[in-house]
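Worksheet: one structure, shown below.
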């Protein structure tokens, strides 16, 4: 005898009611939360996956709100990608995807360090920072003032090539507090550093 499974007329296949925006941007180190809400009866079970990759295996991810929300703590650049939420019950399945981009404020690759040098020596300072989006340029300062082209023309022993500043054949008057600043739309990285010319001390040695 053929048995026909009875389905309550109030039962419904899953349908997406709401989800996070399809394109989300998070900053490096932030907590990422993505959410999908599905309707249906019985209540759909929600599962998350990362398309063409796996969810973090280092304990940074969990789910909240009965599985409707994916949480990844301290996001890394590797967390960028497409995430898919799936709501399913005995009558079917509904899907939604969210594209995630990870950006960051500038961070240091190499910071300039204080330098103690003797008269007539050469010295190089490197101000190398990265970020997403990448910073466009490095701004340099001397004793709190921006280094302009006029300053460089009047001080030909000092040259700047974006991330690198060189001072050749240093003199006692070159003792200064320098700074560099790297910016993008999310913030900046700033540091002070010192050029201390120890001409008299080095001659005594």
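The values are calculated or read from the model by the stated rules, or taken from the named source; none is laboratory data. Computed from a predicted structure; not experimentally measured. Cβ: placed from backbone, ideal geometry, glycine included. Neighbour counts: every protein chain shown.
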(message) Within region 64-181, considering only strands (runs of 3 or more DSSP E) that don't extend past its boundaries, which have at least 1 residues that are under 26 Å from the mean Cα position of the chain (by Cα)?
(response) 69-72, 81-89, 92-110, 123-126, 128-132, 138-142, 158-161, 164-167
(request) Taking residue 31 as meeting all but one of (1) surrounded by fewer than 14 Cβ atoms within 10 Å (Cβ to Cβ); (2) modelled with pLDDT of 95 or more; (3) touching a strand residue (DSSP E or B) at 6+ places or on another chain (Cβ under 6 Å), write down the number of the exception. (result) (3)
(request) Would you check if there is a residue in region 97-110 being out of contact with any strand residue (DSSP E or B) (no Cβ under 6 Å at 6 or more places or on another chain) and loosely packed, with under 14 Cβ neighbours inside 10 Å? (result) no
(request) Give 39, 92 a once-over and let me know the one that is touching a strand residue (DSSP E or B) at 6+ places or on another chain (Cβ under 7 Å), more than 29 Å from residue 183 (Cβ to Cβ), surrounded by 15 or more Cβ atoms within 10 Å (Cβ to Cβ) and not assigned by TED's automatic domain parsing to the domain that holds residue 137. (result) 39
(request) State the number of residues belonging to region 19-63 that are assigned to a strand (DSSP E or B) and closer than 20 Å to residue 93 by Cα. (result) 16
(message) Just to be sure I understand, how many residues within region 162-200 are within 14 Å of residue 116 (Cβ to Cβ), surrounded by fewer than 19 Cβ atoms within 10 Å (Cβ to Cβ), touching a residue at least 24 places away in the same chain (Cβ under 8 Å) and in contact with a strand residue (DSSP E or B) (Cβ under 8 Å, 6 or more places away or on another chain)?
(response) 7
